[in-house]
Amino acid sequence: MKKPVKVAITGAAGQIAYSLIFRVASGSMLGPDQPVILQLLDIPDALEKLKGTVMEVDDCAFPLVTETIASADPMEAFDGTDYALLVGARPRGPGMERKDLLEANAKIFSVQGKALSEKASRDVKVLVVGNPANTNALIAQSNAKKLDPRQFTAMVRLDHNRALSQLAAKTGSKTTDISKMIIWGNHSATQYPDITHTLVGEKAAVNLVDQEWVEKDFIPTVQQRGAAIIKARGLSSAASAASAAVDHMHDWALGTNGKWVSMGIPSDGSYGIKPGVVYGYPVTCANGKYEIVQGLSINEFSRSRMDATEQELREERAAIEELLK
Ligand code: NAX
């Protein structure tokens, strides 16, 4: 058996974590031969509820779980952490403006970025799920002065998986037949699900569907899928979000064998997106590292969508600029 690794999950008493913790514990994320120490973080008011989740983890008798820690202190929960899944965030309350929401979360993620910088493994891989995910990742990264910015990522994988599922349904194929899907930009309604390079089997997706379907149906459906789930379920996506988080970390840690996936990562100028935001890009992963897929042609339609979602991220950044220092 391998040496156990430490996996921190924040928002551990919440609904995404209620699915995520059990997937991680069963080996879906890091493989069936990788023991884990679970480090669960939530706020003091949620610790009693979290105790119930920990009791259930115990009751599963997972062979891979060697220890479970529950805490309300980020310095304790991130001690030696190898993988940090930052799920907990402040939801929008009644009368809260967008700027208030950004600021409330900026405070949470600056504290957590500092704690990761001090306490986590020097190789920690961080995934931010809590919304606004891209900007929260930017804040955590900016506050983690002792870590490489590339260790901080945001989740656009749920959007990626939603896009695969929509295109598979439209073309009568399986999601596993589809390759080279891309989510550019923000995990928000401005994201750009791009099928201009996508293949369904050997065929170009753009030759199987018409542009009107792409613009009027596919893109808005993927962009608005979260809202549709809230309407149907009365609660926001949880199991699918947890599943996407597992996919994101699994692929980053264990590699994609050349397959493209979408990750929110610090922009480096690729595709004209200047540094300073965390932006969804197509990447491949190998040896615990991700690389942006380079050299893709960008048509006029894609350019305008990519610029619009970048613009929104720059505006989010402007709202919390002072917390980036
Ligand atoms: P819940 O409200 O069920 O759970 C959130 C948990 O976070 C609560 O237990 C709360 O006490 C905890 N929390 C709040 N502040 C914290 C802090 N400072 N430290 C540690 N824990 C803290 O929300 P849930 O449905 O689990 O969603 C969590 C987050 O994921 C939300 O921000 C949500 O918007 C976001 N999502 C992101 C998605 C993505 O694709 N990036 C998709 C799903 C989801 O909407």
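Only one entry in G31, G14 is small (G, A, S) and either surrounded by fewer than 19 Cβ atoms within 10 Å (Cβ to Cβ) or out of contact with any helix residue (DSSP H, G or I) (no Cβ under 9 Å at 6 or more places or on another chain) (or both), namely G31. When every residue of segment 130-145 is checked against the conditions, at least one turns out to be surrounded by fewer than 18 Cβ atoms within 10 Å (Cβ to Cβ) and touching a helix residue (DSSP H, G or I) at 6+ places or on another chain (Cβ under 9 Å).
Remark: pairs (first residue in segment 145-165, under 18 Å from V200 (Cα atoms); second residue near the ligand (Cβ under 10 Å from one of its atoms) and in a helix (DSSP H, G or I); Cβ separation under 7 Å; 6+ apart in sequence or on different chains) = N161/A244; R162/R225.
From the residues in segment 3-55 that are β-branched (V, I, T) and touching a Pro at 6+ places or on another chain (Cβ under 7 Å), which one is nearest to F109 (Cα to Cα)? Checking each candidate, the answer is I37.
D159 meets the stated requirement of being charged (D, E, K, R) and touching a Gly at 6+ places or on another chain (Cβ under 9 Å). All told, R92 falls short of being of a type in the set (K, R) and touching a residue at least 24 places away in the same chain (Cβ under 8 Å). Taking the numbered list (1) under 21 Å from the mean Cα position of the chain (by Cα); (2) surrounded by 13 or more Cβ atoms within 10 Å (Cβ to Cβ) in turn, L296 passes all entries but (1). Those residues that are crowded, with 24+ Cβ neighbours inside 10 Å and at pLDDT 95 or above, I need them from segment 105-126; list them, please. Correct list: F109, Q112, G113, A115, L116, A120, V126. Can you find a residue that is at pLDDT 95 or above and farther than 19 Å from L127 by Cβ anywhere in segment 74-87? Within segment 74-87 (the criterion being at pLDDT 95 or above and farther than 19 Å from L127 by Cβ), the answer is yes, since at least one residue qualifies. Note on segment 221-313: enclosed strands (runs of 3 or more DSSP E) holding 2 or more residues that are among the aliphatic types (A, V, I, L, M) are 261-266, 278-286. Taking the condition over 25 Å from V111 (Cα atoms), outside any loop (DSSP other than H, G, I, E, B), of a type in the set (D, E, K, R) and more than 16 Å from the ligand (Cβ to nearest atom), does D58 pass? Yes; evaluated as a whole, the condition is true for this residue. Residue pairs whose Cβ atoms lie under 6 Å apart, separated by 6 or more positions or on different chains, with the first residue in segment 11-27 and under 12 Å from V54 (Cβ atoms) and at pLDDT 95 or above and the second in a helix (DSSP H, G or I) and within 6 Å of the ligand (Cβ to nearest atom), are A13/A46. Considering G88, G80, the condition of being under 22 Å from the mean Cα position of the chain (by Cα) and at positive phi is satisfied by G80 alone. Out of all the residues in segment 86-100, is one or more of a type in the set (A, V, I, L, M), crowded, with 17+ Cβ neighbours inside 10 Å and assigned to a helix (DSSP H, G or I)? No - not one qualifying residue is present in segment 86-100.
Against the list (1) closer than 16 Å to L158 by Cβ; (2) of a type in the set (G, A, S); (3) surrounded by fewer than 14 Cβ atoms within 10 Å (Cβ to Cβ); (4) modelled with pLDDT under 95, the condition A239 fails is (4).
Would you call A106 in contact with a helix residue (DSSP H, G or I) (Cβ under 9 Å, 6 or more places away or on another chain) and either assigned to a loop (DSSP other than H, G, I, E, B) or touching a residue at least 24 places away in the same chain (Cβ under 8 Å) (or both)? Here the answer is yes, as A106 does meet what is asked. Here K170, K216 are screened, and the one residue that is in contact with a helix residue (DSSP H, G or I) (Cβ under 9 Å, 6 or more places away or on another chain), modelled with pLDDT of 95 or more and of a type in the set (K, R) is K170.
The values are calculated or read from the model by the stated rules, or taken from the named source; none is laboratory data. In this text, all values refer to a predicted model and were calculated from it rather than measured experimentally. Using ideal geometry, Cβ is built from the backbone for each residue, glycine included, and neighbour counts are taken over all protein chains shown.
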